[in-house]
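Here's the structure, in structure tokens; my notes come after.
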Amino acid sequence: MNLTCRKVTELLIDFVEGTLTDDQQSLLQRHLCGCVPCAIYMHTYHDTIRLTHALPDEPLPPEFAARLKAMLNESPARD
Amino acid sequence: MAEPADGELTPERVFREYAPRVYNLARRMLGNDADAEDVTQDVLVQVVRKLDTFRGDAAFTTWLHRVTVNAALAARRKRARRDEGRLTDPLDAFTEDGHHAGFVRPWPKLPDAPVLDREQRHLIENAIAGLPEMYRDVFVLADVEHLPNAEIADLLEMSVPAVKSRLHRARLMMRDALSRHFEERLS
């Protein structure tokens, strides 16, 4: 049985999570060896995850930070 | 979010260590700075009022995620804004016999530990904001906050397979959105 490119795309999340069965893994690898578009697609899917993982938190807007800090310091005692 | 280190949680420490995380999670879920500020304020007031409860408690960040996600979802319901301009499902971009319908172009090679410049951060934030809400929530919790699928399922009251299905589609949509930028870099 050969996988279609669509099926390969559907399996990418399990490939990334390492939850493919041995048979699925083998079929996927065979397809990727012979299909340049799918090999590129898989790399860019993985790069999408890596780029998002690298996304830093933005600092609080300064005015909001000042307001929030003042509010928390004045906040009534705990329940 | 990291678990609190040893020591007492004070309002100052909550502000310093957790306000940016709460704010960024809310901002990415809501796609709106003003709404994110309201949510952050509400959440941190709740946190400060319950500091004694969570002193040294390993469940603190789990609880903080839950309170933040619930506050963001409530803000969204209040706003009652519907998704605008639904994105094309990337799994429709195949021919009837299952081949890619268009060209698939490579991106420039990324370093092992990519450090994003301002333009790239802006690009990714905009792509996240452009996701339909049902996909955006799962994507932010999984790929930005790094929560496991089971915890996301619990937070959003969904099954784990539903989380995986939405996460996968969100990643495909993100890939398509980022492709427009990165493919140009090679052309």
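The values are calculated or read from the model by the stated rules, or taken from the named source; none is laboratory data. Everything numeric here is computed off the predicted structure, so don't read it as measured data. A quick note on method: Cβ atoms are made from the backbone with ideal geometry, for glycine too, and the neighbour counts reach across all protein chains shown.
Select from region A:44-70 the residues that are within 7 Å of another protein chain (Cβ to nearest Cβ) and not in a loop (DSSP other than H, G, I, E, B) and list them in ascending order.
A:Thr44, A:Tyr45, A:Asp47, A:Thr48, A:Ile49, A:Arg50, A:Leu51, A:Thr52, A:His53, A:Phe64, A:Leu68, A:Lys69 - these are the residues of region A:44-70 that are within 7 Å of another protein chain (Cβ to nearest Cβ) and not in a loop (DSSP other than H, G, I, E, B).
Only one residue in B:Asp92, B:Asp97, B:Asp117 is more than 20 Å from B:Ala170 (Cα to Cα) and at the interface with another protein chain (Cβ under 10 Å from one of its Cβ atoms). Which one? First the steps, then the outcome.
On the way: B:Asp92 fails: more than 20 Å from B:Ala170 (Cα to Cα); B:Asp117 fails: at the interface with another protein chain (Cβ under 10 Å from one of its Cβ atoms).
Result: B:Asp97 is the single residue among B:Asp92, B:Asp97, B:Asp117 that is more than 20 Å from B:Ala170 (Cα to Cα) and at the interface with another protein chain (Cβ under 10 Å from one of its Cβ atoms).
Can you spot a residue in region B:138-145 that is more than 10 Å from chain A (Cβ to nearest Cβ), in a helix (DSSP H, G or I) and surrounded by 15 or more Cβ atoms within 10 Å (Cβ to Cβ)? Walk me through it before giving the result.
Here is the first cut: in region B:138-145, the residues more than 10 Å from chain A (Cβ to nearest Cβ) are B:138, B:141, B:145.
Now drop any that are not in a helix (DSSP H, G or I), which leaves B:138, B:141.
Checking which are surrounded by 15 or more Cβ atoms within 10 Å (Cβ to Cβ) leaves us with B:138, B:141.
Scanning region B:138-145 turns up at least one residue that is more than 10 Å from chain A (Cβ to nearest Cβ), in a helix (DSSP H, G or I) and surrounded by 15 or more Cβ atoms within 10 Å (Cβ to Cβ).
Has region B:11-19 got at least one residue that is of a type in the set (Val, Ile, Thr), at pLDDT below 85 and either assigned to a helix (DSSP H, G or I) or not assigned by TED's automatic domain parsing to the domain that holds B:Ile152 (or both)?
Step one: list which residues in region B:11-19 are of a type in the set (Val, Ile, Thr), which gives B:14.
Within this subset, residues satisfying the condition of being at pLDDT below 85 are B:14.
The next check asks that each one be either assigned to a helix (DSSP H, G or I) or not assigned by TED's automatic domain parsing to the domain that holds B:Ile152 (or both); those that pass are B:14.
Checked against the condition, which is being of a type in the set (Val, Ile, Thr), at pLDDT below 85 and either assigned to a helix (DSSP H, G or I) or not assigned by TED's automatic domain parsing to the domain that holds B:Ile152 (or both), region B:11-19 yields at least one hit.
Quick one: is B:Asp154 buried (at least 17 other Cβ atoms within 10 Å of the Cβ), out of contact with any Pro (no Cβ under 8 Å at 6 or more places or on another chain), in a helix (DSSP H, G or I) and of a type in the set (Asp, Glu)?
On the way: buried (at least 17 other Cβ atoms within 10 Å of the Cβ): no; out of contact with any Pro (no Cβ under 8 Å at 6 or more places or on another chain): yes; in a helix (DSSP H, G or I): yes; of a type in the set (Asp, Glu): yes.
Here the answer is no, as B:Asp154 does not meet what is asked.
Here are some conditions: (1) facing another protein chain (nearest Cβ under 7 Å); (2) loosely packed, with under 14 Cβ neighbours inside 10 Å; (3) over 15 Å from the mean Cα position of the chain (by Cα). A:Ser26 meets all but one. Which one does it not meet?
In the conditions (1) facing another protein chain (nearest Cβ under 7 Å); (2) loosely packed, with under 14 Cβ neighbours inside 10 Å; (3) over 15 Å from the mean Cα position of the chain (by Cα), A:Ser26 misses (1) alone.
Quick one: would you say B:Leu131 is without any contact (Cβ under 8 Å) to a residue 60 or more places away in the chain, in a loop (DSSP other than H, G, I, E, B) and at the interface with chain A (Cβ under 9 Å from one of its Cβ atoms)? Even if it seems obvious, please write down each step before you answer.
Details: without any contact (Cβ under 8 Å) to a residue 60 or more places away in the chain: yes; in a loop (DSSP other than H, G, I, E, B): yes; at the interface with chain A (Cβ under 9 Å from one of its Cβ atoms): no.
Judged against the criteria, B:Leu131 is not a match.
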